[in-house]
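A short worksheet on the structure shown next.
Taken together, the values in this text are just the output of simple stated rules run on the coordinates, not laboratory data. Everything numeric in this text was worked out from a predicted model, so none of it was measured. Don't worry about glycine lacking a Cβ; one is built from the backbone with ideal geometry, like all the others, and counts go over all protein chains shown.
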Amino acid sequence: MIWLVMIASGLMTFASRFSMIGLIGNRPIPQRLRRLLTYTGPAVMASIITPEVMLSGGELAIMDNPRILAFIGAAVIAVWTRNVLATIATGMVLLWVLKGGVI
């Protein structure tokens, strides 16, 4: 049974990738679809980051959540500097300070 699941998963993965690369890969992408595809990256990042920031122990935690303030600080630095390393460092330092890491 496990082999059937593995083979089916592999075939579905191949089919989903082949549909975009093999079937329509040599055709020009319409401008509207190209514009819509630019939102894929931010949507994926938001779906990964939001639960990590907003949830604590599997429950929604808005009050007394240092992750939210660290995220806001990192987002401000990201917009201001457009520097990934500065954004990551700011978020890490803010989270550490807000959790009481400073002696």
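With no solvent and one equal point scatterer per Cα, compute the Debye intensity ratio I(q)/I(0) for the chain at 0.10, 0.24 Å⁻¹ and report its log10, rounded to two decimals.
Calculated log10 I(q)/I(0) at the listed q: -0.54, -1.26.
Which whole-number percent gives the relative contact order of the chain, counting Cα pairs below 8 Å spaced six or more residues apart?
Once divided by the residue count of the chain, the mean separation gives 16 percent.
What are the trypsin sites (Lys or Arg not before Pro) within region 66-103 that DSSP puts in a loop, where the Cβ has at most 16 other Cβ atoms within 10 Å?
Filter output for region 66-103: ARG82, LYS99.
How high is the FRET efficiency from ARG32 to ALA75, r the C-beta distance, R0 35 Å, rounded to 0.05?
FRET efficiency, ARG32 to ALA75: 0.75.
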